[in-house]
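The values are calculated or read from the model by the stated rules, or taken from the named source; none is laboratory data. As the structure is a prediction and not an experimental result, all values here were calculated from the model. Here the Cβ is made from the backbone with ideal geometry for all residues, glycine too, and neighbour counts use every protein chain on show.
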Amino acid sequence: MASNPLESKSQAWSALFSEPMSELVQRYTASVGFDQRLWQADIAGSLAHAEMLAAQKIISTDDHASIVRGMAQIKADIETGRFEWKLELEDVHLNIEARLTQLVGDAGKRLHTGRSRNDQVATDVRLWLRGEIDNLAPLLVAMQQALVAVADKNTDTILPGYTHMQVAQPVSFAHHLLAYVEMFARDAERLADVRKRVNVLPLGAAALAGTSYPLDRERVAKTLGFEGVCQNSLDAVSDRDFAIEFSSFAAITMMHISRLSEEIVLWMSQNFGFIDLADRYCTGSSIMPQKRNPDVAELARGKSGRVIGHLMALLTLMKGQPLTYNKDNQEDKEPLFDTVDTVRDTLRIMAEMVAGIIVKPEAMERAALKGYATATDLADYLVKKGLPFRDAHESVAHAVKHAIAQGLDLSALPLATLQNFNANITDDVFEVLSLRGSLNARNVLGGTAPAQVRAQIEKLKARLAG
Ligand code: ARG
């Protein structure tokens with residue numbers, strides 16, 4: 001067997017080094033503990049590179065065949081857990097390359113022709129992330145579908161809409177849930193947009209300046225399904241915008257999930273009692289026997305913190321780096337990996353939990369009746385009778401003040417009392433003052449009227465199915 005310069009890291013670089021790396025430095029600089037999750041992308045990238053090297057006659061077809069054979073063996077070994085990852089070989093790239101050379105000799109040593117780990121790692125992360133993006137996209141759809149399904153049953157379920165956390169105007173529960181569908185739809189668009197910029201090939205940039213071998217970068221891009229080729233070799237090896245953009249997408253998505261979680265927590269509290277969650281999404285207390293806590297929603301809210309933190313970590317990681325590759329970049333992986341894992345798991349569990357929300361319409365409606373939620377409707381009613389809006393607003397303020405003093409809802413005041421505040425009021429006012437009347441009146445595109453919301457639901461169902 002030919003000697004393998006990658007047998008251990010102390011020899012990996014070159015004869016230039018006269019002593020092995022200290023153990024502490026080895027541990028400090030190694031990434032194999034976490035970047036081994038890139039192994040499939042690493043092998044795919046290497047195979048595409050080798051195929052192109054052979055097509056360009058930079059390596060022989062025999063060498064290419066040996067590389068293919070060796071990689072098949074490595075793949076099988078990793079899949080069955082037999083692959084021996086070595087810390088002294090630093091990262092996933094050197095581990096696989098060293099093993100390849102062990103298996104197929106000199107052909108393995110030729111694989112790295114015209115390539116550097118700098119363009120290799122950038123390629124691997126992009127390939128891996130593209131796959132994860134493709135896994136996440138359907139989860140965002142499922143999240144929206146879960147919300148639409150609950151909305152579908154609740155276009156006539158009334159709950160108070162809030163501003164400043166004060167009862168403002170009645171809305172339907174469906175309308176409220178569809179607000180989140182809009183947010184997740186934008187997240188899905190953002191994700192699709194990020195994918196375009198992730199899906200560009202750095203390989204061929206080599207260490208930083210390009211390479212003197214006649215590589216066919218377009219061919220490699222095509223093999224790997226990349227839509228384009230990085231146009232500047234320096235940028236190719238040093239850019240991590242694609243990871244930062246993905247993290248921004250993730251941070252915004254988690255922020256949306258966190259807002260929904262916060263509402264779920266509030267709605268489930270005894271003070272609201274708007275919804276209940278199935279037992280399988282709740283936990284008990286070790287001391288208070290009566291407790292059922294919405295831990296999943298709380299954790300989802302909490303986990304938004306780490307994803308937002310990872311975005312900050314990546315921005316900070318990049319901001320001081322001169323061109324081109326710096327070892328700092330190795331630090332991009334753990335935040336990125338954890339971001340993907342957290343968003344994936346959170347979307348899955350939230351979609352499931354939302355689908356199983358138990359709605360308590362009476363409690364919602366009772367709450368909507370409490371805060372003079374139809375006062376605006378009375379003002380609009382007076383405007384339609386010819387009053388300028390500001391005057392109508394003033395009359396209604398007096399009526400509300402009186403109603404508060406009586407401890408009554410506006411709709412419970414006798415007609416004669418209401419007429420004291422404005423003589424134009426007639427007994428058609430009571431329909432206007434009802435929660436349902438208020439809802440039906442908001443029959444404008446994007447409004448909460450059941451007719452509008454049902455139309456939105458049909459549109460969304462069609463879009464999400466397609
Ligand atoms: N493990 C390294 C990383 O994650 C691979 C690239 C190393 N390149 C280098 N020139 N040291 O970024």
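Given the criteria crowded, with 23+ Cβ neighbours inside 10 Å, at pLDDT 95 or above and either within 26 Å of the chain's Cα centre (by Cα) or under 23 Å from residue 354 (Cα atoms) (or both), does residue 141 qualify? No: the conditions fail for residue 141.
Taking the conditions exactly as written (of a type in the set (S, T, N, Q) and away from the ligand (no atom under 16 Å from the Cβ)), does residue 155 satisfy them or not? Against the criterion (of a type in the set (S, T, N, Q) and away from the ligand (no atom under 16 Å from the Cβ)), residue 155 qualifies. Of a type in the set (A, V, I, L, M, F, W, C), within 12 Å of the ligand (Cβ to nearest atom) and in contact with a Lys or Arg (Cβ under 9 Å, 6 or more places away or on another chain), is that true of residue 92? So residue 92 fits the description; yes.
Pairing residues of the stretch 326-346 that are farther than 14 Å from residue 121 by Cβ and free of Cβ contacts under 8 Å to residues at least 40 places away in the same chain with residues that are among the basic types (Lys, Arg) and away from the ligand (no atom under 13 Å from the Cβ), at Cβ distances under 8 Å and at least 6 apart in sequence or on separate chains, gives 338/306. For residue 104, state whether it is within 15 Å of the ligand (Cβ to nearest atom) and surrounded by 21 or more Cβ atoms within 10 Å (Cβ to Cβ). Spelling it out, it is not the case that residue 104 is within 15 Å of the ligand (Cβ to nearest atom) and surrounded by 21 or more Cβ atoms within 10 Å (Cβ to Cβ).
Within the stretch 438-451, take every residue that is in contact (Cβ under 8 Å) with a residue 12 or more places away in the chain and not in a loop (DSSP other than H, G, I, E, B) and give me the one that is farthest from residue 159 (Cα to Cα). Here the answer is 441. Each residue in the stretch 221-237 was checked for being within 24 Å of residue 192 (Cβ to Cβ), touching a residue at least 24 places away in the same chain (Cβ under 8 Å) and among the aliphatic types (A, V, I, L, M), and 3 pass. Taking residue 237 as the residue in question, decide whether it is touching a strand residue (DSSP E or B) at 6+ places or on another chain (Cβ under 8 Å), among the β-branched types (Val, Ile, Thr) and over 22 Å from residue 172 (Cα atoms). Against the criterion (touching a strand residue (DSSP E or B) at 6+ places or on another chain (Cβ under 8 Å), among the β-branched types (Val, Ile, Thr) and over 22 Å from residue 172 (Cα atoms)), residue 237 does not qualify.
Scoring residue 57 on the criteria (1) of a type in the set (D, E, K, R); (2) over 18 Å from residue 4 (Cβ atoms); (3) touching a residue at least 24 places away in the same chain (Cβ under 8 Å) leaves a single failure, condition (3).
A search for C-beta distances below 9 Å between a residue of the stretch 106-122 that is more than 11 Å from residue 59 (Cβ to Cβ) and free of Cβ contacts under 8 Å to residues at least 40 places away in the same chain and any residue that is near the ligand (Cβ under 9 Å from one of its atoms) and part of a helix (DSSP H, G or I), counting only pairs 6+ apart in sequence or on different chains, returns 117/93; 117/94.
Quick grid of which residues meet (1) in contact with a Leu (Cβ under 8 Å, 6 or more places away or on another chain); (2) surrounded by 15 or more Cβ atoms within 10 Å (Cβ to Cβ); (3) touching a residue at least 12 places away in the same chain (Cβ under 8 Å):
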{"site": "395", "(1), (2), (3)": "yes, yes, yes"}
{"site": "401", "(1), (2), (3)": "no, no, no"}
{"site": "405", "(1), (2), (3)": "no, no, no"}
{"site": "409", "(1), (2), (3)": "yes, yes, yes"}
{"site": "427", "(1), (2), (3)": "yes, no, yes"}
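Give, as residue ranges, the helices (runs of 4 or more DSSP H) completely inside the stretch 207-292 that count at least 2 residues that are out of contact with any Leu (no Cβ under 8 Å at 6 or more places or on another chain), surrounded by fewer than 20 Cβ atoms within 10 Å (Cβ to Cβ) and at negative phi. So the answer is 217-224, 241-268. In the stretch 293-349, the qualifying residues are those that are modelled with pLDDT of 95 or more and not in a helix (DSSP H, G or I), and the one that is nearest to the ligand (Cβ to nearest atom) is 325. Restricting attention to the stretch 183-214, the residues being touching a Lys or Arg at 6+ places or on another chain (Cβ under 8 Å), of a type in the set (Val, Ile, Thr) and more than 16 Å from the ligand (Cβ to nearest atom) number 2.
When the stretch 386-437 is limited to residues that are aliphatic (A, V, I, L, M) and outside any helix (DSSP H, G or I), the one that is farthest from residue 172 (Cα to Cα) turns out to be 423. Count of the stretch 48-77 residues, restricted to those that are surrounded by 20 or more Cβ atoms within 10 Å (Cβ to Cβ) and either aromatic (Phe, Trp, Tyr) or within 26 Å of residue 130 (Cβ to Cβ) (or both), is 10.
Criterion applied to 129, 140 was being of a type in the set (A, V, I, L, M), touching a Leu at 6+ places or on another chain (Cβ under 9 Å) and within 14 Å of the ligand (Cβ to nearest atom), and the one residue passing it is 129.
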